[in-house]
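Where a number appears in this text, it was derived from the coordinates with a stated rule and is not lab data. Computed from a predicted model, the values in this text were never measured in an experiment. Every residue, glycine as well, gets a Cβ built from its backbone with ideal geometry; the counts of neighbours run over all protein chains shown.
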Amino acid sequence: MTKPTLLILAAGMGSRYGGIKQIDQFGPNGETIIDYSLYDAIRAGFGKVVFIIREELKDDFEEIFAPKLEGKIEYTYAFQGYKSYVPEELGSVHRAKPWGTGHAMLCAWEHTQEPFTVINADDFYGAEAFQTMVDFLSKNTEENVHAMVGYQVKNTLSENGTVSRGVCQKDENGFLTSVIERTKIVRNEEGQIQFLDEGDPVNLDENTPVSMNFWAFMPSVFTHTKRYFEEYARKNFDSPKAEFYIPTVMSKMMDEGIGQCKVFDTTSDWFGVTYPEDKEKVQVAIRKLVDARKYPENLWE
């Protein structure tokens, strides 16, 4: 059985964080959040890593990760450029930020022939999620059946501002029925979780499953993603901040009847960085995991 590939979405600008959070240091020996994802992925049985980055970050990534990964797992880079997969007839691209997570995944197509998992660079998911996805991909024989790990929304908030999450609904068999990207989720002063995207605030139950961009896909997804992105680029070419999300890809496949998504629930605490103030909380959380011997003090020794 071919080992699955791990795609790491690391081309973001970090505008709210105020820096390149993908390579900021959080562990006791300067480890990045990516380091912990790599460590968990290798333990779970992934066979290759594709870093999806902006081209100007390659030297930094090579310096940080190459010495750690040599001899442990195959790795390569995919570049998310503004022009990548944009129909040529649209002309020059003028954007303030990358095209989004769905486009980033598409940019890794030439490096990814195997079933794969895709994650965010700045999210800590925990070992359980990586093992869940390897187990799913090693057993799945249906080219149009994919998967995601769903985290309870109460475990994914920031104390320092709103966050973006894919709010999910599923059927009695555990398959996704809808996922809608909500870009402004927050716990209000009364303790109620709400999203503020449009109109009046809408309440969310504490245990609502949300996507943290931990997806497992069969390679067939790339053909569909290319078609969807080209349609999106034509409609949003003059909107420099428009973003094409992975949940959009999954929703369109479900709408067309060409894709299903199994939702694996987890009660694990997620943590990550959106704002500068989040950094200390992440450092404390990792320190607790190290003290509990879930991870070694020095991850790569």
_Cβ-Cβ FRET estimate between Ile20 and Thr267, R0 fixed at 41 Å, reported to 0.05_ = 0.85
*State which entries of Lys184/Lys279; Lys154/Lys184; Lys72/Lys294 exceed 18 angstrom in Cα-Cα distance in the structure shown.*
Lys184/Lys279; Lys72/Lys294
*For the residue pair Asn144 and Thr2, what label-to-label distance in nm results when each label sits 7 Å from Cα along the Cα-to-beta-carbon direction?*
2.1 nm
*For a quick protection proxy, order the peptides 120-131, 202-213, 82-93, 185-196 by their average other-Cβ count within 10 Å, most packed first.*
120-131, 202-213, 185-196, 82-93
_Amide N proximity, segment 87-118 versus Phe237 label position 7 Å along Cα-to-Cβ, cut-off under 11 Å_ = 87-94
*Inter-label distance, nm, simple model (7 Å from Cα along the C-beta direction), Glu56/Asp171*: 4.7 nm
